[in-house]
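Notes to accompany the following structure.
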Amino acid sequence: MKPKLIIGIVSIVFFTSLLMYNFGNSISTYVNFIDAEDRPTAHVVGVWDDSQAYGFSRETMQFSFHMKDQDGNVRRVVYPRPKPNNFEQATQLVVIGEMRNNVFHANDMLMKCPSKYNDPSQLEQLSSAN
């Protein structure tokens, strides 16, 4: 075999392996706050703990709140953006980021809000209007 062909095959195998390795490391599963401490990036599912203080700090330019994960662990979450408009109405939150010093630093936040199409009272109001 020619040296150029061997170098080409080896480089293709190397870059494919590198791509698969990086892809495997970027996949994050849903965990609780305890398991998130051992991961560089984690997705934590939970609900907003409205019994504790929350708000946006103009000094740090961060929104912080407390969240309870699916196992009942409560941690402070720091989000580097303003409070989302529908934050109080969210029925479930997914924060994506990392744990540092018992505080979850979220890079991104997803919210599941109640759907007006699944609410029985909304359906009754719509049907009575017709």
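Sorting Y21, Y79, Y54 on the 10 Å Cβ count, fewest up front, what's the list?
Values: Y21 10, Y79 21, Y54 17.
Taking fewest neighbouring Cβ atoms as first place, the list is Y21, Y54, Y79.
The convex hull drawn around the Cα atoms of segment 29-112, when projected onto a plane and averaged over every direction, covers 5.1 nm². Here the Karplus relation 6.51 cos²θ - 1.76 cosθ + 1.60, evaluated at θ = phi - 60°, turns the backbone of segment 33-48 into coupling constants of 5, 5, 6, 5, 5, 8, 10, x, 9, 9, 10, 10, 9, x, 10, 5 Hz, with x for every Gly and Pro. By the equivalent-ellipsoid construction on the alpha carbon gyration tensor, segment 1-74 comes out with semi-axes of 46, 16, 7 Å, ordered largest to smallest.
Every read-out reported here was derived from the displayed coordinates using simple, explicitly stated rules and does not represent laboratory data. The structure displayed is predicted, hence computed values, not measured ones. Positions of Cβ are generated from backbone atoms using ideal geometry, with glycine treated the same way; all protein chains shown enter the neighbour counts.
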